[in-house]
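K.L.:
Below is one structure. I have some questions about it.
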Amino acid sequence: MSPIIARVRTPIRLLMYVRFARLLLWEFRWPLAVFTALVLTGGAILQRFYDGGALSFGKACHAVFLMIFLESSLDFPNEWYLQPLFFLLPVIGLGAVADSVIRLAFLVFTRKQNLPEWNRMLASLCRNHIVVIGVGKVGYQVIRGLIDLRESIVAIEQSSGSPFLGELFDRGIPVIQGNARMASVLEQANVRQARAVIVTTSDDLTNLDAAITARELNANAQIVIRLFDETLATKVAGAFAMPTISTSQVAAPAFIAAATGRKVYQPFQLAGQEVHLTDILINPAGRLVGLTVGAVQSGNRVNIVMHSSPRAAEVNVNPSHEIILGPDDTILVIAPMEPLLALEAMNNSNAGANHR
């Protein structure tokens, strides 16, 4: 069984086993139908005409089953109209069996070689999964984060030379190779059954086209787009109600932080307001030393969500208001930018001190 089935949680795994069995039945439907028809039809004929109907239906079907594998339990009939049946049944039956063996061998081969057919089959098993378009550096990091969250993932990558494909194959993640702007490629990734689609290629036009096509196939999926053009990102977010991630917006805080000596402020939206997440090292000479967590939060529009101290072994999550901040303590703060800057000013011993 595929690693993707073994990796997911037990209830989902059982559903995927059922879907896998159904898919195999569908893949082998014609050989199975021919084999079953031979056994039942041949059994009915033998029951009716062989030696004047001396066989029960069950014995007649069993005799046909053995006959297909050249192990006949019946003597060659005297009736001329039954004699061709004893020649045709093994030929047709063995043909159906051989077709099944070839199909099974092909599936095993495609699995071991990670060929497109096997990846398409794995993708067809997924439900409520997340499709990641583009397996470059950004897409790969997104996939790693989703793996940590134990999400079911299907990736789409146009280039067969991506250096990250090997690791995805090893992890059992199906990768559909093709142009995500084409609806047929998105169909192969089972976008219609996906919960979300994340578009992360390095081309804005490709990302926008793929996102709109995915929306046409699945109106209920959450579509997230990576765009380099900040103006385009704003327009797309407003016109199509799709979350857009502008590369320039994401990179800007890192550049500012590196230039000013601050920690990277991670912005996100909360109740329609942009707030930031950062950690602050308590300056021994600053005005935060000796204040309680409650005093810092009161009236300053900041929320301290974590506190650690070099004098204590454990980290306090949602620390008590009575905890007193000491030198070299670290606090994790969520707040809008202006209150954060005011908190930095309180923590600095003088106007020129840099926040570490």
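Here's the yes/no breakdown for (1) within 26 Å of Q273 (Cβ to Cβ); (2) surrounded by 14 or more Cβ atoms within 10 Å (Cβ to Cβ); (3) out of contact with any strand residue (DSSP E or B) (no Cβ under 9 Å at 6 or more places or on another chain):
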site	(1), (2), (3)
A313	no, no, yes
P319	yes, yes, no
P327	no, yes, yes
M337	yes, no, no
L340	yes, yes, no
N347	yes, yes, no
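K.L.:
Pull up region 104-140, narrow it to residues that are in contact with a Phe, Trp or Tyr (Cβ under 6 Å, 6 or more places away or on another chain) and modelled with pLDDT under 70, then point me to the one that is farthest from G172 (Cα to Cα).
P.N.:
By that ranking, first place goes to T110.
K.L.:
Step by step: first the residues of region 193-234, then only those that are β-branched (V, I, T) and part of a loop (DSSP other than H, G, I, E, B), then the one that is farthest from I130 (Cα to Cα). Which residue is that?
P.N.:
Ranking the candidates gives T201 first.
K.L.:
Filter region 178-192 for residues that are assigned to a helix (DSSP H, G or I), of a type in the set (A, V, I, L, M, F, W, C) and surrounded by fewer than 21 Cβ atoms within 10 Å (Cβ to Cβ) and give the result.
P.N.:
Hits for region 178-192 are A183, V185.
K.L.:
Filter region 150-177 down to residues that are out of contact with any His (no Cβ under 7 Å at 6 or more places or on another chain) and small (G, A, S) and give me whichever is surrounded by the most Cβ atoms within 10 Å (Cβ to Cβ).
P.N.:
A155
K.L.:
Considering region 193-203 alone, what residues qualify as being surrounded by fewer than 23 Cβ atoms within 10 Å (Cβ to Cβ) and of a type in the set (A, V, I, L, M)?
P.N.:
Across region 193-203, the qualifying residue is only A196.
K.L.:
Let me ask something else. Quick one: in region 204-232, which of the residues that are surrounded by fewer than 15 Cβ atoms within 10 Å (Cβ to Cβ) and of a type in the set (D, E) is farthest from E151 (Cα to Cα)?
P.N.:
If we take residues in region 204-232 being surrounded by fewer than 15 Cβ atoms within 10 Å (Cβ to Cβ) and of a type in the set (D, E), then E230 is farthest from E151 (Cα to Cα).
K.L.:
I would also like to ask the following. Evaluate the following for R192: is it at pLDDT 90 or above and of a type in the set (K, R)?
P.N.:
Criteria met by R192.
K.L.:
Moving to a separate point now. On the basis of being in contact with a strand residue (DSSP E or B) (Cβ under 6 Å, 6 or more places away or on another chain), within 14 Å of A123 (Cβ to Cβ) and not acidic (D, E), does I225 make the cut? Let's see the steps before the verdict.
P.N.:
Working: in contact with a strand residue (DSSP E or B) (Cβ under 6 Å, 6 or more places away or on another chain): yes; within 14 Å of A123 (Cβ to Cβ): no; not acidic (D, E): yes.
No, not satisfied.
K.L.:
Inspect all residues belonging to region 72-83 and state whether any of them is closer than 20 Å to P174 by Cβ, modelled with pLDDT under 80 and surrounded by fewer than 17 Cβ atoms within 10 Å (Cβ to Cβ).
P.N.:
Within region 72-83, not a single residue is closer than 20 Å to P174 by Cβ, modelled with pLDDT under 80 and surrounded by fewer than 17 Cβ atoms within 10 Å (Cβ to Cβ).
K.L.:
On to the next question. For region 311-332, name all the residues that are at pLDDT 85 or above and over 14 Å from T292 (Cα atoms).
P.N.:
Scanning region 311-332 gives R311, V315, V317, D328, L332.
K.L.:
Regarding V302, is this residue of a type in the set (A, V, I, L, M), surrounded by 14 or more Cβ atoms within 10 Å (Cβ to Cβ) and touching a Pro at 6+ places or on another chain (Cβ under 6 Å)?
P.N.:
So V302 fits the description; yes.
The values are calculated or read from the model by the stated rules, or taken from the named source; none is laboratory data. Model, not experiment: these values are computed from the prediction. Neighbour counts are summed over all protein chains in view; Cβ atoms, including those assigned to glycine, are modelled from backbone coordinates with ideal geometry.
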